[in-house]
1. From 13, 61, which residue is touching a strand residue (DSSP E or B) at 6+ places or on another chain (Cβ under 6 Å) and at pLDDT 90 or above?
2. Taking into account only those residues within the range 87-97 that are under 12 Å from the mean Cα position of the chain (by Cα) and more than 18 Å from residue 113 (Cβ to Cβ), which is surrounded by the fewest Cβ atoms within 10 Å (Cβ to Cβ)?
3. Evaluate the range 96-116: report whether one residue or more is at pLDDT below 90 and on the phi < 0 side of the Ramachandran plot.
4. Taking residue 48, is it touching a helix residue (DSSP H, G or I) at 6+ places or on another chain (Cβ under 9 Å) and modelled with pLDDT of 90 or more?
5. For the range 90-119, enumerate the residues that are over 18 Å from residue 36 (Cβ atoms), in a strand (DSSP E or B) and in contact with a strand residue (DSSP E or B) (Cβ under 8 Å, 6 or more places away or on another chain).
6. I'd like the full set of residues that are outside any strand (DSSP E or B) and either at positive phi or without any contact (Cβ under 8 Å) to a residue 60 or more places away in the chain (or both), limited to the range 120-133.
7. How about the range 51-79: which of its residues are closer than 11 Å to residue 131 by Cα and in contact with a helix residue (DSSP H, G or I) (Cβ under 8 Å, 6 or more places away or on another chain)?
8. Quick check on my filter: what residues within the range 67-84 are surrounded by fewer than 17 Cβ atoms within 10 Å (Cβ to Cβ) and in contact (Cβ under 8 Å) with a residue 24 or more places away in the chain?
């Protein structure tokens, strides 16, 4: 239930024009907007929550295709061609993904990283949504 409430609260921030700016969520984490790329029409939020020396990353994407889509954290900004994955994230199912990475929240928020959602066809990645952390 808390995940559903957090999703709708963060989706409201995105629709209110907060995207891609950072906003605090109810659990002391940080929420960022994911904006559509390459005409995908997909957008949503990524929430980062501290769990000791680890970080839980939740992605909620609206307009996602019915097929599984991949996600990664890249060491590049959304305005550039994404760099190789710094951290692979759990593939999205129904527009939702949750991954725990072995990095403290402060390291992920230090700058220069982005979250990318993409589809792969014949070995070629098509980026669908991106948010700078």
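1. Answer to the check: 61.
2. The extreme case among them is 91.
3. No: zero hits.
4. Yes; evaluated as a whole, the condition is true for this residue.
5. Within the range 90-119, 90, 91, 98, 99, 100, 101 qualify.
6. 122, 123 - these are the residues of the range 120-133 that are outside any strand (DSSP E or B) and either at positive phi or without any contact (Cβ under 8 Å) to a residue 60 or more places away in the chain (or both).
7. The one that is closer than 11 Å to residue 131 by Cα and in contact with a helix residue (DSSP H, G or I) (Cβ under 8 Å, 6 or more places away or on another chain): 73.
8. Passing the criteria: 67, 68, 75, 77.
The values are calculated or read from the model by the stated rules, or taken from the named source; none is laboratory data. These numbers were taken from a predicted model, which means no experiment stands behind them. When we count neighbours, we look across all protein chains shown, and the Cβ atoms used for this are built from the backbone with ideal geometry, even at glycine.
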